Amino acid sequence: MALVRSLRARVVLWVSVTLTVLFAVTIVGLDVAFRETSERALRDLLEVQALGLIALAQPDPIGELTIPADDVDPQLAVSAQLTVAESGLYAALFDGEGLPLWQSLSLLGRTFPLTDVRLSPQEQRYVSIDEDGWPPLEAFLIGIDWEFEDGHVARYTIAVAASLEPYAQRQLAFRRNLIGWFAGITLTMLIVINGLLTFVLRPLRRLERQVREVEAGERMSLTGHYPSELTGLAANLNALIDTERRRLSRYRNTLDDLAHSLKTPLAAMQTLLSDLRAPDEQRGAMGRELERMGQRVWYQLRRARASGATGLGTEPVPVGPIIEDLQRTLDKVYRDKRVRCELALAPGATFRG
C-alpha cells in the first residue's frame, strides 16, 4: 500500500478488492442455493413419479403387479418425437427378489442400472448412479407391500431415476450468467466511483495548484470557495503564508539595518586609520585588514539573506546579476593572487528562491 501514493488509486484498489470478495462470496452462496434448490426439485420430481407409479400399479392376469404403459408419464415412454437421450427419466418395478417385472419404454430394453433394489416396506432410498454408457443419474427407490384380492401380500420395489445432465447444464448456465452480471456490476460501480472521485477530489487539485502558484510567486494567497472539510486547511495555509512573508520581511529589514550599522563604523575606522601617524607599510596592512573585514561582513550578510529567503512565497530570481557581483567580490578578495574568474552562464537563467 505504501507504493500506491494516489488517493484515487487507493480508493479504487480497496473498492475493487472489497467488491471482488463480496461478490465472490455472494456468487458462491447463490450457486450453492441454486444447486440445493435444483436437488430438492429433482428429488420431489422423483418422489412424485414414484407415487404416481404406485397409484397406477395393478395386478396382471398371472397374479403379478404391473404398470399400464399407456398411463405413465410421457417422459417414461418413447415416441417418434422423444428419444432416450431427450427423455432423461427412467423407471422400473422389481419383485421381492430384485427381478424386474416392468420397465419404462425410455430404457429401450436395457436393464435399470441398479443391482441392489430390495427394500423393506415403506423404506426409501436415494442413490447416485455413475455407470458406463449412462449419464449421471439420481435414483429414488421405495419399497411397498401389495395385498392382492386373494389375501396374499407381496413385496415390491419401485425405482425412478432422472438424468443429472440437464440440471448440470442449467447450473453451469446460471453460474456463467451470475459471474457475467456481477462482473458487469463491478465494472459499472468502478466507473461510477472513478467519476465520483474525479468530482470529489477536484477541490484538492485546485488547492494543490494554488499552492504551487504561491511557491512560484504567481499568487499571493489561496482563494476561492472550498468544501467545509478543506476550509480550515486553506485558512491555515493562508495564515502560514502570511506569517512566513512577514517573518522574511522582518529578517531582511534586520539584515539591511545591520549592514548599514556596520558600514558606517568600518568607514570611520578607515578614515581614522588614514589620520594616524604610522608608517605607510603599517597603515597599508591595517587598511587591507579592514577591507577584508568589510568583505567578510558583507559576504556573511549576503549568505544569511540568501538562506533566509527560502520558504513559502519564493520568486524567480535572475542569476546573472548575482553571479557578476560574486565575480567582482572574488576579483577583489584574490587580486593579490592573480586568480582569473570566467563566467559561463546561460542568458536569462533564473532560480526560484
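General observations
- Computing FRET efficiency as 1/(1 + (r/R0)^6) for Lys332 and Val211, where r is the C-beta to C-beta distance and R0 is 41 Å, gives about 0.45.
- In order along the stretch 226-241, the Karplus-derived 3J(HN,Hα) couplings, from 6.51 cos²θ - 1.76 cosθ + 1.60 at θ = phi - 60°, round to 10, x, 4, 5, 10, 4, x, 5, 5, 5, 5, 5, 4, 5, 5, 4 Hz, and Gly and Pro are given as x.
- Peptides 201-210, 325-334, 104-113, ordered by how many other C-beta atoms sit within 10 Å of their residues on average, highest first, read 104-113, 201-210, 325-334.
- Interchain or long-range residues, amide H under 5 Å from Gly96's placed H: Arg155
- For the stretch 18-67, the calculated P(r) over all alpha carbon pairs, in 10 Å bins from 0 to the bin holding the longest distance, is 22, 23, 18, 15, 11, 7, 3, 0 percent.
- Extension gain from His225 to Trp134, taking 0.36 nm per residue of separation minus the Cα-Cα distance: 25.2 nm
- Whole-Å semi-axes of the stretch 113-264's equivalent ellipsoid (Cα gyration tensor): 93, 16, 14
- HN-Hα J in Hz across the stretch 35-52 - Karplus 6.51, -1.76, 1.60, θ = phi - 60°, x for Gly and Pro: 5, 5, 5, 5, 5, 5, 5, 5, 5, 4, 4, 5, 5, 4, 5, 5, 5, x
Every number here is computed from the coordinates shown, using simple stated rules; none is lab data. Owing to the predicted nature of the structure, the values given are computational and were not obtained by experimental measurement. Cβ: placed from backbone, ideal geometry, glycine included. Neighbour counts: every protein chain shown.
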